[in-house]
1. Taking residue 152 and the conditions (1) modelled with pLDDT of 75 or more; (2) out of contact with any helix residue (DSSP H, G or I) (no Cβ under 7 Å at 6 or more places or on another chain); (3) under 15 Å from residue 27 (Cβ atoms), which numbered condition does it fall short on, given that it satisfies the others?
2. Of all residues in segment 181-201, how many are in contact with a helix residue (DSSP H, G or I) (Cβ under 8 Å, 6 or more places away or on another chain) and either closer than 26 Å to residue 83 by Cα or at pLDDT 85 or above (or both)?
3. Mind listing just one residue for me: the one in segment 87-110 that is closer than 17 Å to residue 33 by Cβ and modelled with pLDDT of 50 or more and, of those, surrounded by the fewest Cβ atoms within 10 Å (Cβ to Cβ)?
4. Looking at segment 134-174 only, could you name the residues that are free of Cβ contacts under 8 Å to residues at least 40 places away in the same chain, over 18 Å from residue 57 (Cβ atoms) and part of a helix (DSSP H, G or I)?
C-alpha cells in the first residue's frame, strides 16, 4: 500500500463529491431512467478513469498535456458532447410538454435511457475530459514517494480513486431512486430536467471557452 494513500483518499473524496459535468449527466439520466441509469452512468465514468490511468502509464497523457492543439481538440470535443447532451435534454423536455405527458408517468418508454446507453454516455463524457488526464499527471504523482515503484503505486491510487467514485455513484443513485416518486410529478421533473439540461450546456460552454488548463 502506498505510504500516502490516506492523504490521497481525502483528496479523492473531495474531487469526487464536487459537482461537475459527470454529476450533471448522472442526474439527467436518473430523470430518464431512474437509479439504474444513474448507476450505469457512474460505471461508465469509472471505466473512463481506468482508460486515463492506462494512458498515463503509457505516456499518452503527457503528450496530450504537451500539445496545445491536441488538448484543444479533446477539450472542444468534450464541450460539444456536453452541449449536445444538454440541448437534447431540453428539447425532449419541451417536446414532452407540448405533447401532453400522462399524469404520474415517471418515464415515457420512448425517452428512457437504457443501461448501455447510460454507460456509454458516462464513459465518453469522462474520456473526453482532458482534465482527468491532467489529474494523473499533476495530482497523483504528488502522492508517490521517490522510493516507491511508479506503475504499481499509480495502479493502487487509481483503484482508491475509482473505489471512492463507485461508492459515491452508488449512494447518489440510491438517493435518486428514493426521490423517484417526487420526481414523478410532471412539474417537478420538467423543472429539474430543464435545469439539468441548462447546466450541462453551460458547463460545455465554460469548458469550450475557458483559458488555460
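The values are calculated or read from the model by the stated rules, or taken from the named source; none is laboratory data. Since we're looking at a predicted model, the values are computed, not measured. Cβ placement follows ideal geometry from the backbone for every residue including glycine, while neighbour counts extend to all protein chains displayed.
1. If we test residue 152 against (1) modelled with pLDDT of 75 or more; (2) out of contact with any helix residue (DSSP H, G or I) (no Cβ under 7 Å at 6 or more places or on another chain); (3) under 15 Å from residue 27 (Cβ atoms), just (3) comes out false.
2. Let us first name the residues in segment 181-201 that are in contact with a helix residue (DSSP H, G or I) (Cβ under 8 Å, 6 or more places away or on another chain), namely 182-183, 188-190, 192-194, 196-201.
Subsequent filtering for residues that are either closer than 26 Å to residue 83 by Cα or at pLDDT 85 or above (or both) retains 183, 188-190, 192-194, 196-201.
Selection size over segment 181-201: 13.
3. Restricting to residues being closer than 17 Å to residue 33 by Cβ and modelled with pLDDT of 50 or more, the top hit is 88.
4. 163, 167, 171
This table checks each residue for (1) within 15 Å of the chain's Cα centre (by Cα); (2) crowded, with 18+ Cβ neighbours inside 10 Å; (3) modelled with pLDDT under 80; (4) under 25 Å from residue 195 (Cβ atoms).
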site: 4; (1), (2), (3), (4): no, no, no, no
site: 18; (1), (2), (3), (4): yes, no, yes, yes
site: 40; (1), (2), (3), (4): yes, yes, no, yes
site: 47; (1), (2), (3), (4): yes, no, no, no
site: 53; (1), (2), (3), (4): no, yes, no, no
site: 59; (1), (2), (3), (4): no, no, yes, no
